[in-house]
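Step one of this worksheet: look at the structure below.
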Amino acid sequence: MAAAGGRVQGRAVTQYIIKRLLLAVLVLWIVSVIVFSAVRVIPGDVCKIVTAAPDVDARQCASIKHGLGLDKPVVTQYLGYMGGVLHGDFGTALISKRKVWPEIRTRIPLTIELAVLATVFAMVLALPIGIISAMRRDGPADYGLRLLTIGWLSIPGFWLGTMLIIYPAKWWGYSPPPGYTDIWHDPAKNLQQLYLPAIALGLALCASLARITRSSMLEVLRQDYVRTARAKGLVGRVVVTRHALKNAMIPVITLFAVQFGFLLGGTVVLESIFSLPGLGQLTLASVLIKDYPVVQGLVLFFATVLILINLLVDISYAWFDPRIRYA
Amino acid sequence: MTTTALPQPMAPSALTERRTIWRGLWRFCARRPVGAVAGLVCILLILVAIFAHQLAPYPPDALFPKFKLKPPSGAHLFGTDNLFRDMFSRILVGSQISLGVGFASVFVGTLLGTFFGLISGYARGWADLLINRLIDIVMAFPPLILAIFFISIFRATFFTVSLAIGIIIAPVTARIVRGAVLGVINLQYIEAAQALGSSHTRIMFRHVLPNVTAPIIVIASIQIGNAILAEAALSFLSLGIATDAHPSWGKMLQDSRSVWEQAWWTAVIPGAAISVAVLAFNMFGDALRDALDPRLRGS
C-alpha cells in the first residue's frame, strides 16, 4: 500500500515538475518578447549611442543600422536573436563591441557568491531570531527582537554598505583588501572582500525572514502534535527543532523566493558601491550608457535565474511537507 | 464561545458611522500606542512634505560661499554640504520626492493590484489563469532591475518612476486581494446579489470590494516604506528625478558620497531621514495590520 502510494505520488511529482517546467518556459518566452520589443521602442538614436556623437549623417547611420541588423523586419530580428541565445550567443555590445555572453558569464560567479553569502547570513541569523521571538512571545526578548528586525527593514542597503566601508576604516583603520579576488584563487581573501557587501545585502532579507519565521512558528506551536510532543515529555528544544521547525519552514521558503528578486536587484547597488565587477555593476553601467544588447542579455539572464529559483522552491515544498500533493 | 451572535444593526446613519470611526481610532491608540506614535510621525512627515518650502529656512539650492562642509550649527541645523548648501532645507524639501513618489507608487500599485486581484478572484477560470501568468511575468524580473530597465526606456519623470515602483508593488497586492476575494466570494450575500440579478461589475465593485478593503489598506500601508526605499535606491543610482533645486534624500547621499569620511553629517542625516520615514510607515502599517487584519501577519 505504502509503496504503491509512494509510486503514485512520485508520478504526480514528475507530472507536476514537467507542468511547471513548461510554464516556466512559457513565461520566459514572453519575458524575452517583452524585453526585445521594449529595447526597440526606446526613444533615442542607436547611431548616436554607437558613435557617441551628437550628430550622425544619414548614410553613416544607415550603415550602422545595417551592421546591427536593425534594417530587417522586427520579427526576423527577434528570431535571429533568439536563435543566437539558444546557442549561447547574446549578440555584441554596442560600445565595447565585445560579445555579450562571455561578458556576462565571467561575472556570474561573483554575483552568485554574493547572493549566496547574503542568503546564508540572513538565514543563519533569521531562524534563531524568529524561533526565540516565537518561544518568548510577548516577553521583553520578543519585543526587543521585533523592534530590531523592523529597524533593519528600514535601513537602505546602499547606505549601510557605504557606512561599512567608511567608518571601520576611519575608526579602527580597518579596510578589507581592495578589489576582487577569485574564490578559487584565494578563498580567504575573497571572503574578506565579500562579507561586508553580503551583510549590507542580506540584512533586510534577514529581517523579513526572521519576522515570518516568528509568525509561522507561532502558528505551528499551537498545533496538537506539538502539544502531544510536549506532553510525552520531550524537552522544549527537541520539540522546536525536530517537530515544529520543519513544518514552519514553508512560509519562510515562500517569502525567500519572493525576496530573492530583491536580493538580485540589491546587487546592482552594492556591487557599484564596493566596486565589485559582477552582474549588478554591469547592469548599471550598461543602462547608463544605454548599451541595449547588454541590458537585454542581463535582464533575460536575471529572469531565468529568478524563474528557476521559484521552480526549485515550489518543488522543495514536498520535502518540507510530504502532505502536499502535486495534483 | 457560546454567546449567540447579536443581530446586525439596520442601516447605520451617518452620525453613528462617524462615531464608530472615532471610537475605532481611540481603540487603536489605546491598544497600539507604538503604532499610534508611528502614525503621528507619519502625519508629521506628510505635513513637512506639504509645507516644505514654507518651513525651510533657505531655498534648497541657495549657496553659502563661506560655508563649505560646516558641521551642524545654529544657522545651519544639519550643517552644509560640499556644494555650500544648507542641509536642513534640503532634507525638508527632499521629503517631497521621497514621500511623493512613495505615495504615488503605492497608489498606482494598489490600483493595479486591486483591479487585477478582484477580477482574478471573482471571475476565476481563464481570466484568473491569464492574470496569474501576467503576475508570473512581472515577478520574473528582479524588482529593482525592472525599475531601472523601465526608467532607462521611458526617462525618469515623477510619473514614470512612480509607475515603475508601482508595477513592482502591484503583483503582491493582486495576490493578496485575490486571496481575500476568494474568502468572501462564497458567502451568502454574494449569492443573494447574484440571485437578484445584479451585474458582475456591480457585484464586484459594490459587494466584493467593500469587504476586502481591510487587507488592501493594510498591504498598501506596509508597502509605503518599501516604495520609499526603492525611490531612494533609484535616486542614489542617479536614476531618479532629483535636481539641484529639488533634491531627494537618495540623491543627497550620492552627491556627498565622496566627502562622507570627512563630514559625518552628510552621510548620517539623509540616511537617518530615509530610515526614520521608512520605520514610521513600517511600524504604523504593522499596527494597522494587527488591528484590521490579523490573518496577514508576517506578510
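List of remarks:
- Candidate membrane-span-like segments in chain A, meaning DSSP H helices with Cα atoms spread over at least 27 Å of their own axis and a Kyte-Doolittle mean of -1.0 or above, are A:2-40, A:108-135, A:187-221, A:245-273, A:292-320, with no membrane implied.
- Averaged over the residues of B:227-233, the number of partner chain Cβ atoms lying within 10 Å of the residue Cβ comes to 4.
- The range B:130-192: relative contact order in percent, alpha carbon pairs under 8 Å with at least 6 residues between: 31
- Within the range B:105-140: backbone nitrogen closer than 17 Å to the residue B:159 label point (7 Å, Cα to C-beta): B:105-109, B:112
- For peptides A:151-158, A:208-215, sequence by mean Cβ density within 10 Å, most packed first: A:208-215, A:151-158
- Distances between every pair of Cα atoms in the range B:156-223, grouped in 10 Å steps from 0 to the bin holding the largest one, split as 19, 39, 26, 13, 3 percent.
- One equal scatterer on each Cα of the range B:63-143, no solvent, Debye formula: the resulting log10 I(q)/I(0) at q = 0.20 Å⁻¹ is -0.90.
- With coordinates expressed along the principal axes, the C-alpha atoms belonging to the protein assembly as shown extend over 81, 69, 59 Å, beginning with the largest.
- Added length on full extension, which subtracts the Cα-Cα distance from 0.36 nm per residue, residue B:199 to residue B:26: 58.4 nm
- Summarising the label geometry, the points placed 7 Å from Cα in the beta-carbon direction at residue A:63 and residue B:47 lie 6.8 nm from one another.
- Shielding score for A:134-141, defined as the mean number of other chain Cβ atoms within 10 Å: 0
- Sites matching chymotrypsin sites (Phe, Trp or Tyr not before Pro) across the range B:17-59 that sit in DSSP coil, with at most 15 neighbouring C-beta atoms within 10 Å: B:51
- Annotation: extensible slack from residue A:95 through residue A:13 equals 24.8 nm (criterion: 0.36 nm per residue apart, minus Cα-Cα distance).
- Average partner coverage of A:166-179, which counts Cβ from other chains inside 10 Å: 1
- A simple packing score, the average count of other Cβ atoms within 10 Å per residue, orders the peptides B:215-228, A:234-247, A:128-141, B:235-248 as B:215-228, B:235-248, A:128-141, A:234-247, with the highest score first.
- Computed from point charges on the beta carbon alone (+1 for Lys and Arg, -1 for Asp and Glu), the dipole magnitude for chain B about its Cα centre is near 480 Debye.
- Computed over neighbours whose Cβ is under 12 Å from that of residue A:238, the net charge equals +4, Lys and Arg +1, Asp and Glu -1.
- Ordering of A:194-201, A:170-177 by burial proxy (mean other Cβ atoms within 10 Å per residue, highest first): A:194-201, A:170-177
- Computed over chain A, the P(r) curve from all C-alpha pair distances, binned at 20 Å from the origin, holds 24, 48, 24, 4, 0 percent per bin.
- Column: log10 I(q)/I(0), Debye, Cα scatterers of the range A:139-263, q = 0.14, 0.21, 0.22 Å⁻¹: -0.81, -1.16, -1.21
- Estimated from helices alone, the mean residue ellipticity of chain A at 222 nm is -25500 deg cm²/dmol (sum of -39500 (n - 2.57) over DSSP H runs with n ≥ 4, per residue).
- Formal net charge of residues neighbouring residue B:256 (Cβ-Cβ distance under 14 Å; K, R +1; D, E -1): +1
- Here the mean projected area of the convex hull built on the C-alpha positions of chain B is 20.0 nm².
- In this rough spin-label picture, where each label sits 7 Å from Cα along the Cβ direction, the residue B:54-residue A:183 distance is 5.7 nm.
- Net dipole in debye of the range A:129-189 [+1 Lys, Arg Cβ; -1 Asp, Glu Cβ; about Cα centre; nearest 20]: 180
- Axial C-alpha extent at least 15 Å, average Kyte-Doolittle at least -0.5 - helices from chain B (DSSP): B:14-31, B:33-50, B:87-123, B:125-139, B:143-154, B:158-185, B:213-236, B:264-292
- Efficiency of FRET between residue A:21 and residue B:83 - r from beta-carbon atoms, R0 51 angstrom, step 0.05: 0.40
- Globularity index of the range A:179-327 is 1.38 (Cα radius of gyration / 2.2 N^0.38 Å, N = number of residues).
- The distance linking the range B:17-88 with the range A:229-261 is 42 Å (Cα centroid to Cα centroid, whole angstrom).
- Label-reachable residues, the range A:62-102, where backbone N falls under 18 Å from a point 7 Å from residue A:304's Cα toward its Cβ: A:78-93, A:99-102
- Förster radius 22 Å - calculated FRET efficiency between residue A:232 and residue A:137 (Cβ-Cβ, nearest 0.05): 0.45
- Pairs from the list A:48/A:97; A:99/A:290; A:99/A:189; A:72/A:99; A:48/A:290; A:97/A:290 with a Cα-Cα gap above 18 Å: A:99/A:189; A:72/A:99.
- Charge tally in the Cβ shell below 15 Å around residue A:113, where Lys, Arg are +1 and Asp, Glu are -1, residue A:113 excluded: 0
- In plain terms, the C-alpha convex hull of the range A:197-276 casts an average shadow of 5.8 nm² when viewed from every direction.
Computed from the coordinates by the stated procedures, all read-outs in this text should not be read as laboratory data. Everything numeric here is computed off the predicted structure, so don't read it as measured data. All Cβ positions, glycine included, derive from the backbone under ideal geometry; neighbour counts span all protein chains shown.
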